[in-house]
Amino acid sequence: MGAFDKAKDKAEQLKGKAKEHFGDATDNESLENEGRGEQVKGKTKEEWHDLREKGEDKLHDAKERFTDDDRR
């Protein structure tokens, strides 16, 4: 996961923002809404990846503490 996924998520958000602005400039409400949707989708994916990474870190820390306690 990591940096590559975060970059993809940010790119999706930027693409959505561009679509939203282009839709606004051309009075294309459908394109504006599509752009907003892509931004939300990208932000949601980004937050999911962050939460998943934090959970994996917590699990790793817990496993280390557990195995360290077994060695004593």
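Nothing in this text is a laboratory measurement; each read-out follows from the coordinates by a stated rule. Computed from a predicted model, the values in this text were never measured in an experiment. Every residue, glycine among them, receives a Cβ derived from its backbone with ideal geometry; neighbour counts consider all protein chains shown.
The charge dipole of the chain, taken about the Cα centre with unit charges on the Cβ atoms of Lys, Arg (+1) and Asp, Glu (-1), comes to about 240 debye, rounded to the nearest 20. Note on the chain: GNM, Cα springs under 10 Å; of Lys54, Lys15, Lys45, the largest mean-square fluctuation is that of Lys54.
Ratio of Rg to Rh for the chain: 1.36 [Cα atoms; Kirkwood radius as inverse mean 1/r over pairs].
For region 2-72, the relative contact order comes to 32 percent (Cα pairs under 8 Å, sequence separation of at least 6).
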